[in-house]
1. Fully extended, how many nm does the chain gain between Ala352 and Ser165 (0.36 nm per residue separation, minus their Cα-Cα distance)?
2. Please report the net charge: other residues with Cβ closer than 13 Å to the Cβ of Asp297, K and R +1, D and E -1.
3. Enumerate the amide H contacts of Lys343 below 5 Å, restricted to partners 5 or more residues apart or on another chain; note that Pro and chain-start residues carry no placed amide H.
4. Of Pro32, Pro201, Pro340, which has the largest mean-square fluctuation in a 10 Å C-alpha GNM of the chain?
5. What angle, in degrees between 0 and 90 and rounded to the nearest 10, separates the Cα long axis of helix 171-183 from the longest principal axis of the Cα atoms of the chain?
6. Considering only Gly321, Tyr368, Phe379, whose Cα is most displaced toward the positive end of the charge dipole of the chain, charges sitting on Cβ of Lys, Arg (+1) and Asp, Glu (-1)?
7. Structure shown: which of Lys69/Lys166; Lys182/Lys248; Lys64/Lys153 lie over 26 Å apart, alpha-carbon to alpha-carbon?
8. Can you give the net charge of the other residues whose Cβ lies under 15 Å from the Cβ of Phe127, counting K and R as +1 and D and E as -1?
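All of the numbers you see were taken from the coordinates with simple rules; none came from a lab. Being a predicted model, the structure only gives us computed values, none of them experimental. We place every Cβ from the backbone using ideal geometry, glycine too, and count neighbours over all the protein chains shown.
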Amino acid sequence: MKHEKVCDLNSTAATASVPWIDTKHLLAHQTPDLPMFLYAASSLIQTSRSLQLAFPGEVSYAVKANPKKAILETLWRSGIGSFDVASINEIKLVRSLFPDARLHFNNPVKSDVDIERACCAYGVRSFVVDDFVGLNSLIPYLSPDTEITVRFKLEHDRAAYDFGSKFGATPDQAIPLLMLAKKHGARCSLTFHPGSQCSEPAVYKRYIQESAVIAKQARISLEQLNVGGGFPVSYENYAVLAVREFFKTIYQTVAQCFPDNAPKLLCEPGRALVAPCTSLLTRVLHVRESGEVFINDGVYGGLQEQSIMPIQTPIRLWRNGVQLEQDGEPVTVFGPTCDPVDKLLSTYRLCADIKVGDYVEFGLMGAYGSATTTGFNGFEPAEYVSVERGLDRLE
Ligand SMILES: Cc1ncc(COP(=O)(O)O)c(C=O)c1O
């Protein structure tokens with residue numbers, strides 16, 4: 001279900017503050033010495049609309065992927081009215097922007113103080129738990145409109161991140177959790193997260209099949225099945241299916257496993273929704289004789305994920321406002337800090353004569369880029385600049 005605010009996608013509000021047509025236009029007028037995120041609201045609207053059209057249920061946004069106000073406002077305008085929030089500050093932020101938003105406090109680990117504030121100060125009525133400690137903390141706040149969603153895990157499979165090592169009840173543990181939530185009058189749902197950048201629709205299939213088994217054994221008709229996030233994007237070194245193929249599998253499996261009492265479906269993507277709308281424009285600081293390249297942002301800045309996952313984003317290279325060929329051998333790329341871990345896990349093919357002052361633009365940087373930046377070593381997090389057309393649009 002989409003929120004009722006009219007989504008005027010032709011509204012000039014989406015582009016009113018856009019000063020640059022694209023990266024080329026920006027670099028024809030400026031030679032930025034600091035890294036910058038180039039954000040294309042038009043791209044975000046397109047991604048958001050197509051995911052909402054393709055998903056057979058409600059699309060909620062995982063705020064942690066990118067809590068920038070401009071991103072949240074564009075998502076809201078595109079029809080997203082539901083948000084997965086992980087902390088009181090995310091709750092506060094979303095409530096302040098959209099008082100009517102549906103909020104799901106889906107971090108399984110929450111302090112008692114945060115539960116009290118979420119319920120009493122911010123009217124949150126949807127919570128994820130994965131053990132009895134978490135469920136028991138919520139029991140004093142349960143009312144007939146409270147939704148308790150039990151998160152369960154299966155063995156880690158085909159995802160870049162293993163979330164099961166930190167969160168999720170086993171299927172055996174999920175059954176009594178659901179039964180206790182039901183006994184206290186809550187609306188009962190299940191959820192799972194197959195891990196970010198999950199490459200196989202079959203992983204969602206296994207989780208949905210197991211959800212049906214858990215619900216049957218708990219003798220509970222599920223209110224909702226939240227199939228999590230984890231939908232992948234096309235990094236250069238990850239061959240992935242289109243997200244709509246994942247949605248097709250989800251829809252078919254739910255129809256097979258819940259023939260008479262299909263729960264409402266919800267998904268909560270972060271990466272797949274917001275990665276494509278933003279690139280990170282960095283500048284070459286230093287090139288060693290050995291070919292290693294130092295740029296002005298790194299793993300303590302917008303490229304943090306590239307110290308954890310060997311992803312290779314699409315890139316573009318620029319010199320004097322002109323795009324260069326990627327005709328060099330793969331080289332090691334370092335960030336600007338004094339820490340040797342400030343190094344991208346993947347090597348990148350730049351141009352053969354890469355020089356100080358050239359620009360390296362990394363695409364697919366809208367998720368877990370600015371959200372995790374630090375000011376380590378005094379390097380300030382990159383600012384956002386709006387462009388009409390982003391790196392995801394081929395020129
Ligand atoms: C509970 C929950 N939902 C959704 C997401 C979003 O995942 P992704 O960005 O892989 O879609 C996360 C990511 O950490 C999460 O923890």
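1. Here the answer is 63.1 nm.
2. Neighbourhood net charge equals -4.
3. For Lys343, the qualifying residues are Val299, Gly335.
4. Looking only at Pro32, Pro201, Pro340, the largest GNM fluctuation is found for Pro340.
5. 60 degrees
6. Result: Tyr368, furthest along the dipole toward the positive end.
7. Violating the 26 Å limit, Cα to Cα: Lys69/Lys166; Lys182/Lys248.
8. Summing Lys/Arg as +1 and Asp/Glu as -1 gives -4.
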